[in-house]
Amino acid sequence: MTRSDMIPIRPSKPTAALLLAAFLLCGSPNRAAEPTPPKSCKILVVDKENGWPVPLVELRTTNHARFVTDNAGTIALDDPALMNQEIWFDVHGHGYGVKKDGFGFRGVRLTPKPGETLKVEVERTIVAKRIGRLTGAGLFAESQKLGEERDWRDAPLFGCDSVQNAAYGGKMFWAWGDTTFARYPLGAFHMTSATTAVRPFDKFEPPLRPRFDYFLDDRKLPRGVAPMPGPGPTWITGYVALPDKTGRERLVGCYRKIQPPLDVYESGLCVWNDDREAFEHLKTIWQKSAGGKEPQLNIDGHPAFWTDDDGKRWLLFGNPLPRVKLEPTFEAWQDPSKWHSLKPQESLAAADSDRQVKPHSGSIAWNAYRRRWVTVFMETFGKPSAFGELWYAEADSPLGEWGPAIKVLSHDNYTFYNPRLHPEFTPEDSPILLFEGTYTQQFADRPQPTPRYDYNQILYRLDLDDAALEPAQTPAK
């Protein structure tokens, strides 16, 4: 081989014409040619009665593809296999649905096409109206796929459990139990918290746009605000603001320390520190290591203020019906010897049958529109879904007699527990009563978790002028 054979051959410099031809044939040399994705088809699910968008309605195909509406009642359908042909969708809506066809199927036929909008009307079969999801990510995920709700920003969490609320310092304080994040299945376990205006919503219909100001850590994630000493999660209950003897308002709660599987091993009292923006330990009431069961006379559930027939004002705690009463001061609250035990009503007569309904958890409030005390509570082992059935009842006194009870909400093999009334959110004379609860697969019979919605808070509405609630005005016999 000669030296000349070893000299690399240099290609001749391409002409401008050749470069232009290559660009036209191949596109930009810095970006590979990509197929243009098909446009989504928008499916909007609305309540036939009022035209409101309906969150948490699931459409399922015959090959088991699942699509769930967001807070705007929207689904962005982008599956190429479902486009430009007639598709059957089963409709599952936890109280919203369509009538059965001749074979007993509940669904609709749609022909999705890229860029088009299809509307599905559903009928509400429950008394309560679903307003939307309060917590978690992806509240408008389907809408944003379609270029809508571009200004919406989700909270930095995926799910949270069982709310506590208290108006304090001119704001509404919210606290939740265990909280999940995107980065790992284990999240925050010492009560995450946020604030809003005392009346956080200017309207009470979908789409719901909750905006929480969370207490964050250095990573800009919601942090635990109640790290009481000892291993395991901290849960707070009995969240309330009370004046002390100097007139200063104090935000307080009763904490529980939890060990596997879900056992309480310590309970006590804690107080909010405004400077640290966290709860601090005040007093230990009971420890399992000391022997004996947790005392029956203990603060649990949600507060309600009540003036008795003698004109004396009390603070009541119950979950749902009152179990404890005390003077509404910081000093009486921190002294268990000043707590008084109450015996709550064990069951309520159902308005539509002869059976008795046993309350499991919930809350009560005075309602100026009905001029009575009202409650929304979860039934113990209700049907068709254990811990998924909610009832409404009234009483002339918070101590009872309560009932008859009217079922206002039912979930299809899904749990909806620890409902919390929000009387502060609406004007005093409003016929609208709002409540929320935790929507979770826990305790149900092996359901498929609902994407984005599972382990989150959902807000519902009762219209107290609804004829379906009239039987509640009749005192129980």
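Check segment 177-185 and report whether any residue there is surrounded by fewer than 15 Cβ atoms within 10 Å (Cβ to Cβ) and within 18 Å of the chain's Cα centre (by Cα).
Within segment 177-185, one or more residues are surrounded by fewer than 15 Cβ atoms within 10 Å (Cβ to Cβ) and within 18 Å of the chain's Cα centre (by Cα).
May I ask you to verify whether Thr234 is outside the structural domain of Val54 (by TED's automatic domain parsing), under 27 Å from Ile131 (Cα atoms), in contact with a Pro (Cβ under 8 Å, 6 or more places away or on another chain) and of a type in the set (Val, Ile, Thr)?
Values: outside the structural domain of Val54 (by TED's automatic domain parsing): yes; under 27 Å from Ile131 (Cα atoms): no; in contact with a Pro (Cβ under 8 Å, 6 or more places away or on another chain): yes; of a type in the set (Val, Ile, Thr): yes.
For Thr234, the condition - outside the structural domain of Val54 (by TED's automatic domain parsing), under 27 Å from Ile131 (Cα atoms), in contact with a Pro (Cβ under 8 Å, 6 or more places away or on another chain) and of a type in the set (Val, Ile, Thr) - is not met.
Would you check if Gly147 is within 17 Å of the chain's Cα centre (by Cα) and either surrounded by 22 or more Cβ atoms within 10 Å (Cβ to Cβ) or under 30 Å from Leu216 (Cβ atoms) (or both)? Let's see the steps before the verdict.
On the way: within 17 Å of the chain's Cα centre (by Cα): no; either surrounded by 22 or more Cβ atoms within 10 Å (Cβ to Cβ) or under 30 Å from Leu216 (Cβ atoms) (or both): yes.
So Gly147 does not fit the description; no.
Among the residues of segment 307-325, are any out of contact with any strand residue (DSSP E or B) (no Cβ under 7 Å at 6 or more places or on another chain), buried (at least 16 other Cβ atoms within 10 Å of the Cβ) and either over 23 Å from Val163 (Cα atoms) or not hydroxyl-bearing (Ser, Thr, Tyr) (or both)? Explain how you work it out, then say what you get.
Here is the first cut: in segment 307-325, the ones out of contact with any strand residue (DSSP E or B) (no Cβ under 7 Å at 6 or more places or on another chain) are 309-312.
From what's left, buried (at least 16 other Cβ atoms within 10 Å of the Cβ): none.
No: zero hits.
Which of the residues spanning segment 433-459 are at pLDDT 95 or above, aromatic (Phe, Trp, Tyr) and assigned to a loop (DSSP other than H, G, I, E, B)?
Selection gives Tyr453, Tyr455.
Of the residues Lys358, Lys343, only one is of a type in the set (Lys, Arg), surrounded by fewer than 18 Cβ atoms within 10 Å (Cβ to Cβ) and more than 14 Å from Pro398 (Cβ to Cβ); which?
Lys358
Select from segment 163-172 the residues that are farther than 19 Å from Leu208 by Cα and touching a residue at least 40 places away in the same chain (Cβ under 8 Å) and write down the one among them that is surrounded by the fewest Cβ atoms within 10 Å (Cβ to Cβ). I'd like the intermediate steps shown before the answer.
We begin by selecting, within segment 163-172, every residue farther than 19 Å from Leu208 by Cα; these are 164, 166-171.
Now narrow it down to the ones that are touching a residue at least 40 places away in the same chain (Cβ under 8 Å): 164, 166-169.
Working: Gln164: 23, Ala166: 22, Ala167: 15, Tyr168: 20, Gly169: 13.
Per the criteria, the residue is Gly169.
Kindly state which strands (runs of 3 or more DSSP E) lie completely within segment 1-111 and contain at least 1 residues that are loosely packed, with under 10 Cβ neighbours inside 10 Å and at pLDDT 55 or above.
Values: elements: 41-47, 58-60, 66-68, 74-77, 87-92, 107-110.
Qualifying strands (runs of 3 or more DSSP E): 107-110.
So if I check each of Leu462, Leu469, which one is out of contact with any Ser or Thr (no Cβ under 8 Å at 6 or more places or on another chain), touching a residue at least 12 places away in the same chain (Cβ under 8 Å) and part of a strand (DSSP E or B)?
Leu462
Among the residues of segment 269-296, what is the count of those that are in a loop (DSSP other than H, G, I, E, B) and either in the same structural domain as Ala368 (by TED's automatic domain parsing) or surrounded by 15 or more Cβ atoms within 10 Å (Cβ to Cβ) (or both)? Show your work before the answer.
So in segment 269-296, the residues in a loop (DSSP other than H, G, I, E, B) come out as 274-277, 291-296.
Keeping just the survivors that are either in the same structural domain as Ala368 (by TED's automatic domain parsing) or surrounded by 15 or more Cβ atoms within 10 Å (Cβ to Cβ) (or both) gives 294.
Final tally of qualifying residues: 1.
Select from segment 315-368 the residues that are in a loop (DSSP other than H, G, I, E, B), small (Gly, Ala, Ser) and in contact (Cβ under 8 Å) with a residue 12 or more places away in the chain and list them in ascending order. Outline the logic, then answer.
Residues of segment 315-368 in a loop (DSSP other than H, G, I, E, B): 319-321, 327-329, 334-335, 339, 342-347, 351-355, 358, 368.
Add one more test, that the residue is small (Gly, Ala, Ser), and what stays is 347, 351, 353, 368.
Within segment 315-368, Ser347, Ala351, Ala368 meet the criteria.
The values are calculated or read from the model by the stated rules, or taken from the named source; none is laboratory data. Because the structure is predicted, anything quoted here is derived from the model rather than measured. Because the Cβ atoms are built from the backbone with ideal geometry, glycine has one as well, and the counts that use them run over all protein chains shown.
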